[in-house]
1. Which cross-chain or sequence-distant (5 or more) residues have an amide H under 5 Å from the amide H of Gln109, H modelled 1.01 Å from N in plane?
2. Assuming 0.36 nm per residue, please report the length gained on full extension of the stretch Ile93 to Thr216 beyond their Cα-Cα distance.
3. Whole-Hz Karplus ³J(HN,Hα) for the stretch 172-187, in order, using 6.51 cos²θ - 1.76 cosθ + 1.60 and θ = phi - 60°, x for Gly and Pro?
4. Whole number in Å², please: accessible area per residue of the stretch 246-290, 1.4 Å probe, ligands, DNA and RNA not counted.
5. Provide the gained length on full extension for the span Glu162 to Thr129, in nm with one decimal, where the gain is 0.36 nm per separating residue minus the Cα-Cα distance.
6. Tell me the accessible surface of Ile166 in square angstrom (1.4 angstrom probe, heavy atoms of protein chains only), to the nearest ten.
7. Could you order Asp163, Asp334, Asp31 so the one with the most accessible surface comes first? Probe is 1.4 Å.
8. If you average 1/r over every pair of different alpha-carbon atoms in the stretch 182-294 and take one over that average, what Kirkwood value in Å do you get?
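The values are calculated or read from the model by the stated rules, or taken from the named source; none is laboratory data. Just so you know, these numbers come straight off a predicted model, no measurement behind them. So basically every Cβ, Gly included, is an ideal-geometry build from the backbone, and we count neighbours across all protein chains shown. We work out accessible area using only protein heavy atoms, side chains counted, and drop any ligands, DNA or RNA first. Shrake-Rupley method; radii C 1.70, N 1.55, O 1.52, S 1.80 Å.
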Amino acid sequence: MAWNEPGGNNRDPWSSGGGNRGGNQGPPDLDEAIRKAKQRLEGLFGKKTGGGRGSGGSDGGRGSGGPGLPSAKGIGIIVAVLVGVWLLSGIYIVDQGTRGVVTRFGEFQQTAGPGPHWHWPYPISAVQTVDVSQRRRVTIGYQAVAAQQTRPVLSEALMLTEDENIVNVQLAVQYTISDAADFIFNFVQPEATLKSVTESALREIVGKRNMDFVITEGRTEVAQQTRELVVETMEGYNTGINVVEVVIQDAQPPEQVQPAFEDAIKAREDRERLINQAEAYRNEVIPRAQGQAARLTEEAQGYTARIVQNARGDASRFSQQQQAYAQAPRVTRDRLYIDTMERVLGNTGKVLIDNESSQQLMYLPLDRMMRSGGPSAGNTGDTAGSSMNNAVSSNSSSSGSQSSSASSGSLRMRETR
């Protein structure tokens with residue numbers, strides 16, 4: 001049978017013990033629960049609450065008397081909670097790539113590395129984190145106004161060179177923080193100090209160089225020397241800054257003289273081109289001339305050696321012939337005559353003619369004409385005619401000459417025998 005059906009005695013399931021205490025009751029009273037919790041909290045802090053609702057004493061009732069003093073236990077718990085919260089506020093975490101600079105009453109205590117740490121909470125200690133992994137930049141001669149836009153700063157960029165010219169130099173310095181404590185405490189504005197030192201060093205280096213050197217091939221050297229001077233100065237100041245790189249972004253003459261300077265650059269390039277062409281021609285001609293000179297020298301030395309050896313051979317042969325002539329004069333004389341005639345007749349042309357023939361012989365010396373280069377087309381006939389006449393005359397006189405030569409030859413042969 002349900003609790004709310006007729007004859008069920010109206011038993012409320014929310015009533016304690018299942019009985020009907022004081023009539024029909026609903027769910028537990030929320031206000032009553034809040035009131036009981038408030039009474040317990042007031043009792044914890046020492047505030048007296050009334051005994052019963054029907055009590056008429058001076059201490060009865062919730063609002064009969066003013067709040068009392070908190071108890072020692074309540075004060076201790078509150079103080080402990082507050083102290084615990086205060087101490088927990090001193091926990092801090094240093095991220096990777098950063099350093100935590102811990103100060104106590106404004107005085108530097110330590111530098112904390114990455115990870116969780118604890119320090120005395122505020123106002124005793126404080127922590128300031130510094131990013132030591134990020135590359136920072138300081139610019140000289142220009143200022144970045146957007147991602148890809150810059151604005152020149154002529155008061156920083158215009159510098160005087162050694163040859164009393166003005167050059168526009170734009171330079172960038174990249175640096176990192178090497179010591180977070182020095183970076184925070186040694187200088188009020190360390191980046192401004194770095195910029196001033198860099199500008200001073202750059203003006204010193206540029207003032208010792210010519211304008212052409214700074215603008216053309218000397219950019220790397222100027223940047224390197226500027227970095228060395230800046231590093232040396234900043235280490236003496238103990239700013240905690242590590243200069244990583246110094247780069248010259250641009251180096252140009254002032255805008256008013258740029259057209260004239262471009263003409264000078266073109267003239268310099270033409271000069272370099274002509275010099276390179278001349279050097280290439282020299283490198284081509286000189287080795288060839290040296291080779292020809294070496295070849296002529298070798299030929300001259302070979303000719304000298306040949307002539308000397310021939311002369312020595314002739315002298316040696318003459319000495320041997322002299323010795324042979326002293327031993328056998330007649331035989332040596334005949335031998336010399338025969339060798340001489342053999343050499344002479346071997347180098348001349350020979351024609352054999354029959355003396356007993358009564359007819360005249362026509363002779364054309366073609367071998368001599370070929371050796372001498374041959375006659376020209378205009379005088380070929382004249383040459384041939386003269387040759388034929390010479391041949392006829394030689395044939396007419398050949399009989400007498402041959403007879404005389406034969407007789408003289410027979411005489412020589414008789415003497416030889």
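1. Here the answer is Val102, Thr103, Arg104, since their amide H atoms fall under 5 Å of that of Gln109.
2. 39.2 nm
3. Result, rounded to whole Hz: 10, 10, 9, 8, 10, 9, 8, 9, 5, 5, 5, 5, 8, 9, 6, 9.
4. Heavy-atom accessible area per residue stands at 78 Å².
5. Stretched out fully, the Glu162 to Thr129 stretch lengthens by 7.3 nm.
6. 90 Å²
7. Result, largest first: Asp31, Asp163, Asp334.
8. 17.9 Å
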